[in-house]
1. Name the residue, out of L44, L140, L95, whose mean-square fluctuation peaks in a Gaussian network model built on the chain with Cα pairs under 10 Å.
2. Using a Förster distance of 22 angstrom, determine the FRET efficiency expected from the C-beta separation of K2 and F73, and round it to 0.05.
3. Provide the per-residue ³J(HN,Hα) series for region 87-92, in order, calculated from phi with Karplus coefficients 6.51, -1.76, 1.60 and θ = phi - 60°, each as a whole number of Hz, with x at glycine and proline positions.
4. Roughly what % antiparallel, to the nearest 5, for the DSSP beta bridges in the chain?
5. Under 19 Å between C-alpha atoms is the cut-off here; go through region 9-131 and count lysine pairs that meet it, provided they're at least eight residues apart or on different chains.
6. In what sequence, highest mean first, do 48-54, 121-127, 29-35 appear when ranked by Cβ atoms within 10 angstrom?
7. Could you tell me the distance between the Cα centroids of region 40-113 and region 16-34, to the nearest Å?
8. With θ set to phi - 60° and the Karplus curve 6.51 cos²θ - 1.76 cosθ + 1.60, what are the ³J(HN,Hα) couplings of region 27-34 in order, to the nearest whole Hz, using x for Gly and Pro?
Amino acid sequence: MKSIKRAYFKCPIGYVEVTGTEHGVQTVTISDQKMKKWFVPLCLREAVSQLKEYFKGDRQLFTARVDVMGTDFQMRVWDEVGKIPYGKTITYHQLAERIGDPKAFRAVGQADSKNPVWIIIPCHRVIGNDGKLVGYAGGLWRKKWLLEHEQAFAQKDLFY
């Protein structure tokens, strides 16, 4: 049985909890609730270090191993989301087309919303079909912050 380890740190958009095992990161969550400062387990050090580098603006690509579980469909969606380059956005329609099912944009949105490793699999880079910010488990203000942090677009009307 795998022993799940936890690490916590503060970032500009809240408090981050990273969980995982020696097989990789299983979850990344962000909240407003202050979390304990615990020793970072060896199996999570690379991921925590990379996330901190990302928030400082020193990292654009994550290489930390992930160990996520989902349906076959979710895994296909998350794999494709992971290919969206830093500083770029795509729509849910485009994401559905990339997985080979252009009519599945709603299902793609649902799968994207279940992404357990925010930021590492950059679900914040998927925007509404009309170019607006929609749905983000951590709140739209965090999605906006992440996209501005990455300078993903110059269209300020996405936020208003």
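Taken together, the values in this text are just the output of simple stated rules run on the coordinates, not laboratory data. Because the structure is a prediction, the values reported are computed rather than measured. Cβ placement follows ideal geometry from the backbone for every residue including glycine, while neighbour counts extend to all protein chains displayed.
1. The residue that fluctuates most here is L140.
2. On the way: r = 24 Å, r/R0 = 1.11.
The calculated FRET efficiency here is 0.35.
3. Karplus-based 3J(HN,Hα) across region 87-92 equals x, 10, 10, 9, 8, 4 Hz.
4. Values: 14 of 19 bridges.
In the chain, DSSP labels about 75 percent of beta bridges as antiparallel.
5. Pairs that pass both the separation and distance tests number 10.
6. Values: 48-54: 18.0, 121-127: 24.7, 29-35: 13.1.
With the highest mean Cβ count within 10 Å placed first, the list reads 121-127, 48-54, 29-35.
7. Computed from Cα coordinates, the inter-centre distance equals 15 Å.
8. Computed from phi, the couplings for region 27-34 are 8, 9, 10, 10, 9, 8, 7, 5 Hz.
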